[in-house]
Amino acid sequence: MARERAKTSVIGGRHRKGDSVLKATGQALYADDIQLPRMLHAKILRSPHPHARIRGIDFSAALAHPGVVAVLEGRELPTRYGIIPWTEDEQALAEDKARYVGDEVAAVAAVDELTADEALALIRVDYEPLPALLSVDEAAARPDVKIHEGAKHGNVSKRVDLAFGDVEGELARSAVVVDERFYYEGSTHAPIEPHCALAQVDGDGNLTVWSSTQIPHYLHRALAKVLGLPEKKIRVIQPFLGGAFGGKSDPFALEFCVAKLALKTGRPVKILYTREEVFYAHRGRHPMRMRYRVGTDPDGRLTAVDAKIDIDGGAYSSFGLVTAYYAGQLLTGPYRFPTYHFDSTRFFTNKPCCGPKRGHGSVQPRFAFEVALDMAAEKLGLDPIEIRRRNFIGEDVTTVNGQRIGSNGFLACLDAVERASGWKERYAQLPPGKGLGVAGSMYISGTAYPIYPNEMPQTGVQVKLDRSGRVTVFSGASDIGQGSNSVPAWILAEELGCAPEDVVAVVSDTDLTPVDLGAYSSRVTFMLGLACIEAGRRLRAQLDAAVAEAWKIPAANVEAALGTYREVGSARTLSFVEAVRLAEAKFGTLGATGSYRTQKLGGDYRGGTIGASPAYSFTAHVAEVDVDRETGIITVGKLWIAHDCGRALNPCLVEGQMEGSAYMGYAEALFEAQEYDHRGLHRGPSLLDYRIPTTLDTPDMKSLIVESIEPGGPYGAKEAGEGPLHPSIPAISNAVWRACGIRLTELPFTPARVLRLLREKEARERKLAATA
């Protein structure tokens with residue numbers, strides 16, 4: 001169904017981000033750039049054991065070391081916390097036992113970083129090593145060795161088992177059933193900026209924490225809880241952030257440690273993680289072991305999907321409850337599932353905690369399902385794009401698990417990548433070793449509900465209009481590099497008729513800005529955008545009324561764009577500044593608020609709201625690969641990325657998000673592995689050893705924006721920051737099948753793995769030839 005694209009003057013244009021000059025010239029201040037008088041530097045002592053009871057800590061030598069000012073241990077911060085209120089199992093510093101190599105045990109504050117490092121070596125911890133469970137299988141086999149004594153079922157963090165329809169019956173009646181096992185290796189975020197936090201206490205006992213967090217509001221609440229302070233006595237400020245990708249969406253030990261040490265010493269305290277510490281802080285992609293059974297009828301239409309998923313969660317819960325649901329709940333589009341069952345279990349293991357990485361919880365199952373769908377197409381002799389077209393779910397529909405889909409441009413995405421890649425002409429014609437592969441996906445545009453239950457808005461803005469013509473917007477939204485600090489400028493310029501450069505944003509300061517829940521689940525542009533529209537239209541009504549009164553015309557005859565107000569059908573104009581002054585003279589000081597609340601969404605069953613979203617984006621990728629049979633090296637020559645973002649508020653930024661997402665998917669497919677040895681030590685906790693693609697490794701990419709116009713989104717927009725990651729991995733796997741006839745079902749697709757599969761294929765072919 002075609003939807004109308006509203007006429008706009010600013011929205012849809014290619015504008016630069018408002019902070020780009022500050023970043024390019026080095027004027028942007030990040031957390032570690034902040035230096036305060038009398039500031040102390042703190043360091044955290046970490047466990048060398050993957051699982052050990054802490055029998056005692058001796059700080060005497062450290063306290064005697066010159067330059068040491070204070071130390072900190074777990075009993076001083078006893079309150080447990082966690083991003084999900086129902087699974088609060090973390091302590092700022094471990095008090096009873098350490099649960100992974102790198103778990104935080106103690107902290108020391110000194111006059112400089114070197115002294116703090118020296119003091120760490122002087123702290124003596126009496127450990128009692130315990131059996132370490134370093135895999136899902138070990139965690140399942142040893143319920144007697146509990147990583148968390150409070151866990152109800154051994155080392156199970158969360159299990160979700162949901163069925164929709166008669167899956168087993170439909171599988172039995174299916175013309176084709178694919179039954180395949182998959183493994184998705186864990187990976188980490190690798191942002192440019194390491195975690196950093198700084199705390200200061202003023203003379204009235206008010207605490208200010210600057211942190212490289214992407215969830216200032218949730219951190220604000222967690223600090224109040226753990227420190228036992230009223231929320232009004234705490235201020236959290238997010239400075240410029242050097243990347244996050246989900247890796248800074250938990251409260252972390254360093255934030256509590258700097259706050260407590262500042263309260264203890266009366267001096268500012270800073271902690272900057274080393275790159276190695278960032279790897280152990282982790283919260284990255286969960287490793288998942290998956291079995292998928294996918295049934296179709298003779299025409300290739302899906303009849304049933306069944307999934308069994310084991311999830312390695314690491315030592316703590318983090319977002320794990322949500323992960324266990326997302327692993328199944330977010331798979332039910334863009335295809336129609338007549339019946340569906342998934343059983344996902346997240347286990348605790350003695351490794352760094354996993355959490356949300358770009359495309360949280362759904363990247364791994366999407367890889368498995370899209371490869372299985374290709375396998376079904378092969379059995380049926382169907383073109384891989386055609387089987388996806390035949391199973392298109394449609395728009396304005398409800399999925400089998402109760403999620404409401406509005407606009408859906410997935411067919412247009414398939415058309416776009418088919419056309420751009422020359423699929424029809426080239427798919428069956430490429431020489432051996434070269435292949436094209438396709439995959440699709442769906443992702444949320446924000447979650448329908450906040451992390452903690454409440455009826456208040458998920459985001460809000462306050463807008464001040466000054467007689468100088470300056471528009472100031474106060475927003476709690478977190479810009480983690482995606483450009484959300486610039487979104488209010490474009491939207492308010494559109495609504496008020498001013499120029500984007502007339503708008504300045506005051507952001508991410510819990511004392512100054514309204515609450516926003518943070519940068520996660522691709523929620524910011526959708527929800528912040530609607531809040532800005534609401535505030536902007538309230539002010540615009542006053543501006544139009546004042547101008548209409550001055551001109552003695554109906555307010556409906558006033559129009560404005562890019563700093564000029566006009567009478568419709570007349571040459572009469574005045575500037576935005578003059579319109580503001582007329583409105584202030586008529587109404588007094590000008591200001592307005594806007595907020596966003598999500599309507600009730602999701603299925604009517606336990607967990608039915610998890611995965612529910614006000615809108616869903618859709619994506620299709622085609623990958624072109626070249627496989628070297630001698631070395632096993634896969635070269636991805638090009639990725640075509642078609643993404644239905646509803647409407648591109650700024651096509652330049654949308655394309656950047658699409659390509660950044662696809663790059664991360666490509667990296668996980670071919671390079672990345674967050675691996676540990678038998679002692680629980682990370683195999684390569686540095687950017688020298690952890691393999692990520694450089695610019696020389698990155699394939700050519702072509703972004704193809706599809707606009708389906710989402711009725712509930714700001715000007716029809718929906719997400720573009722995470723959804724475009726998902727199809728890269730299965731598209732590459734499917735292209736490798738076409739190139740050389742091997743199915744890559746385990747990540748990463750290393751040369752060794754490719755060579756092994758090629759040799760196994762050749763052995764089967766020789767055996768078959770010998771028996772022919």
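The values are calculated or read from the model by the stated rules, or taken from the named source; none is laboratory data. Values in this document were obtained by computation on a predicted structure and should not be read as measured data. In this analysis, Cβ positions are derived from the backbone assuming ideal geometry, glycine residues included, and neighbour counts consider all displayed protein chains. For the accessible areas, the whole protein counts, side chains as well, though only heavy atoms, and no ligand, DNA or RNA atoms are used. Shrake-Rupley method; radii C 1.70, N 1.55, O 1.52, S 1.80 Å.
Give, as a single signed number, the net charge of other residues whose beta carbon lies under 12 Å from the beta carbon of C645, with Lys and Arg counted +1 and Asp and Glu -1.
In short, -4.
Show me, for the range 706-721, the HN-Hα J-couplings you get by feeding each phi into the Karplus relation (A = 6.51, B = -1.76, C = 1.60, θ = phi - 60°), rounded to Hz, glycine and proline as x.
10, 10, 9, 6, 7, x, x, x, x, 6, x, 7, 9, 6, 9, x
Where both partners of a DSSP beta bridge lie in the chain, what percent of those bridges are antiparallel, to the nearest 5?
Once the DSSP bridges in the chain are tallied, antiparallel ones form about 80 percent.
For the range 121-248, what is the percent of antiparallel DSSP beta bridges, rounded to the nearest 5?
Roughly 55 percent of the DSSP beta bridges within the range 121-248 come out antiparallel.
What is the packing order of peptides 222-229, 523-530, taking the mean over residues of other C-beta atoms within 10 Å and listing the highest first?
523-530, 222-229
Rounded to the nearest 20 debye, what is the charge dipole size of the range 62-158 about its Cα centre when +1 sits on each Lys and Arg Cβ and -1 on each Asp and Glu Cβ?
Dipole size: approximately 400 debye.
Mind checking Rg over Rh on the range 265-337, alpha carbons, Kirkwood formula for Rh?
1.25
On average over all directions, what projected area in square nanometres does the chain have, based on the convex hull of its Cα atoms?
Taking the Cα atoms of the chain, their convex hull projects to 36.0 nm² on average.
Taking 31 Å as the cut-off for C-alpha to C-alpha distance, list the pairs among K7/K638; K17/K600; K17/K464; K233/K600; K7/K357; K379/K434 that go past it.
Pairs exceeding 31 Å: K7/K638; K17/K600; K233/K600; K7/K357.
Can you run phi through the Karplus equation (6.51, -1.76, 1.60; θ = phi - 60°) for the range 255-266 and list ³J(HN,Hα) in whole Hz, with x for Gly and Pro?
5, 6, 5, 5, 5, 5, 5, 5, 5, 6, 9, x
Compute the separation of the alpha-carbon centres of the range 47-77 and the range 108-129 and state it in Å as a whole number.
Computed from Cα coordinates, the inter-centre distance equals 7 Å.
Find, among the GluC sites (Glu not before Pro) in the range 608-657, those assigned to loop by DSSP (not H, G, I, E, B) with at most 16 other beta-carbon atoms within 10 angstrom.
Here the GluC sites (Glu not before Pro) that fit, given the DSSP loop and packing criteria, are E630.
Defining a contact as two alpha carbons under 8 Å apart and six or more residues distant in sequence, what relative contact order in percent does the range 319-372 show?
Result for the range 319-372 is 57 percent.
According to the square roots a ≥ b ≥ c of the eigenvalues of the Cα gyration tensor, what is the shape class of the range 443-487, taking rounded for a/c under 1.5, prolate for a/b larger than b/c otherwise, and oblate for the remainder?
The shape class here is oblate.
Can you give the relative contact order of the range 426-528 as a percent, counting alpha carbon pairs under 8 Å and 6+ residues apart?
Relative CO of the range 426-528 lands at 34 percent.
List the residues, sorted by chain then number, that are 5 or more residues from S157 or on another chain and whose placed amide H is less than 5 Å from its amide H.
R346, F347, F348
Please say if the range 80-161 is rounded, prolate or oblate, where rounded means a/c under 1.5 for a ≥ b ≥ c the square roots of the C-alpha gyration tensor eigenvalues, and otherwise the choice is prolate for a/b larger than b/c and oblate otherwise?
Prolate, because a/c is 1.5 or more and a/b exceeds b/c.
For the range 307-320, just list the computed ³J(HN,Hα) in residue order, Karplus coefficients 6.51, -1.76 and 1.60, θ = phi - 60°, integers in Hz, with x standing in for Gly and Pro.
For the range 307-320, the Karplus-derived couplings read 9, 10, 10, 10, 10, 8, x, x, 7, 9, 7, 6, 8, x Hz, x marking Gly and Pro.
With every protein chain present, what is the per residue accessible area of the chain (1.4 Å probe, Å²)?
Spelled out: the 1.4 Å probe surface of the chain, per residue, equals 37 Å².
On the full set of protein chains, 1.4 Å probe, figure out the accessible area of Y449 and give it in Å² to the nearest 10.
60 Å²
To make sure I understand the rule: partners must be lysines, Cα under 18 Å from the Cα of K43, and not fewer than 8 residues away in the same chain. Which ones qualify?
Correct list for K43: K260, K264, K270.
Which residue, chosen from L543, F279, V371, occupies the Cα position most advanced towards the positive end of the dipole of the chain, where the dipole is computed from +1 (Lys, Arg) and -1 (Asp, Glu) charges on Cβ about the Cα centre?
Value: L543.
So, in Å, what gap is there between the alpha-carbon centers of the range 182-252 and the range 621-666?
31 Å
Can you compute the helix-only [θ] at 222 nm over the chain? Use -39500 (n - 2.57) per DSSP H run of at least 4 residues, normalise by all residues, nearest 500 deg cm²/dmol.
-8500 deg cm²/dmol
Subtract the Cα-Cα distance of A556 and A28 from 0.36 nm times their separation in residues, and report this length gain in nm to one decimal.
Length difference between fully extended and current span is 185.8 nm.
Quick one: putting +1 on the C-beta of Lys and Arg, -1 on the C-beta of Asp and Glu, what dipole do you get for the chain around its Cα centre, in Debye to the nearest 20?
Charge dipole of the chain: 600 debye, to the nearest 20.
What is the magnitude of the charge dipole of the range 630-691 about its Cα centre, with +1 placed on the Cβ of each Lys and Arg, -1 on the Cβ of each Asp and Glu, and no other charges, expressed in debye to the nearest 20?
Dipole of the range 630-691, to the nearest 20 debye: 80 debye.
What part of the accessible area of the range 496-610, given as a whole %, is carbon or sulfur when the probe is 1.4 angstrom?
49 percent
Around Y218, under 14 Å between beta carbons, what's the net of Lys plus Arg minus Asp minus Glu among the other residues?
Cβ neighbours under 14 Å give a net charge of -1.
Near K158, which aspartates and glutamates are there with a Cα under 17 Å away, not counting those fewer than 8 places off in the same chain?
E88, D89, E90, D137, E138, E149, D310, D312, D343
Could you tell me whether the range 229-382 comes out rounded, prolate or oblate from its Cα gyration tensor? Rule is a ≥ b ≥ c as square roots of the eigenvalues, rounded for a/c under 1.5, then prolate if a/b exceeds b/c, otherwise oblate.
prolate
Report the one residue of P239, L414, T631 whose Cα lies farthest in the direction of the positive end of the charge dipole of the chain (charges on C-beta: Lys and Arg +1, Asp and Glu -1; origin at the Cα centre).
Towards the positive end, the residue furthest out is L414.
Please compute the Cα-Cα pair-distance distribution of the range 335-388 with 5 Å bins starting at 0, giving whole percents from short to long.
4, 13, 18, 22, 16, 11, 8, 6, 3, 0
Could you work out the relative contact order of the chain, using alpha carbon pairs under 8 angstrom and six or more residues apart, expressed as a whole percent?
Reported as a whole number, the value is 15 percent.
Leaving ligands, DNA and RNA out of it, work out the accessible area of L330 with a 1.4 Å probe and give it in Å² to the nearest 10.
Rounded to the nearest 10, that gives 10 Å².
How do the peptides 681-693, 722-734 rank, highest first, by the average count of neighbouring beta carbon atoms within 10 Å per residue?
My ranking of the peptides, most packed first, is 722-734, 681-693.
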